[in-house]
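Each remark here refers to the structure printed beneath this line.
The values are calculated or read from the model by the stated rules, or taken from the named source; none is laboratory data. Since the structure is predicted, the reported quantities are computational estimates derived from the model, not experimental observations. So basically every Cβ, Gly included, is an ideal-geometry build from the backbone, and we count neighbours across all protein chains shown.
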Amino acid sequence: MMNINEIKAILPHRYPFLQVDKVIELVEGEYIVAVRSVTNGEPVFEGHFPNNPILPGVLIIEAMAQAAGLLAFKTMGQTANANKAYVVAAVDEAKFRRPVIPGEQLVIRAYIKSRKRVIWKFGADAYVDRVGGDVVGSAVITCAERDLVA
């Protein structure tokens, strides 16, 4: 439904911080299902942890937030721009149930819980390989529009 080039046209993130590889389902105003492939060559695995690589929970949260950002931008019919950004304002109820390791696909389902002007609240769940697979994490993520300083 959305490839990496389409994602890069919407989000401002770039390697090594872009955490969404593709979107496989999106219903504007409702939910998104996005994928992040976890590969052994990622720099983070050199130190987290040597000989036992585990995707850090903060990157799982970031993948959830980027998926939610894609949903918000598509819902509004906008893209990121040089003057404004939607940033994470809060992460609540974060839970991690099992590690994510290289070779697995992180599948994220994010959905809109509420929206009040420039404040969005999303629910997000992360699975391994497919929605309904092993749940690896979940969170409620609040994002807010912020002016960027040049």
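Between a residue in the range 9-21 that is surrounded by 17 or more Cβ atoms within 10 Å (Cβ to Cβ) and any residue that is acidic (Asp, Glu), which pairs come within a Cβ distance under 8 Å, given they are 6 or more apart or on different chains? Listed pairs, sorted by first residue: Gln19/Glu62. Evaluation of Val135 against the conditions (1) within 16 Å of the chain's Cα centre (by Cα); (2) closer than 20 Å to Pro12 by Cα; (3) part of a strand (DSSP E or B) shows that the sole unmet condition is (2).
Checked across the range 99-114, the condition of being under 18 Å from Ile24 (Cβ atoms), outside any loop (DSSP other than H, G, I, E, B), charged (D, E, K, R) and at pLDDT below 95 holds for no residue. Taking the criterion of being at pLDDT below 95, outside any helix (DSSP H, G or I) and at negative phi, the residues of the range 53-98 that qualify are Gln78, Thr79, Ala80, Asn81, Ala82, Asn83, Lys84, Ala85, Tyr86, Val87. When you check Arg14 against the structure, is it within 19 Å of Gly137 (Cα to Cα) and basic (Lys, Arg), yes or no? Here the answer is no, as Arg14 does not meet what is asked. The lone criterion from (1) within 17 Å of Tyr111 (Cα to Cα); (2) over 11 Å from the mean Cα position of the chain (by Cα); (3) among the hydrophobic types (A, V, I, L, M, F, W, C); (4) crowded, with 18+ Cβ neighbours inside 10 Å left unmet by Val27 is number (4).
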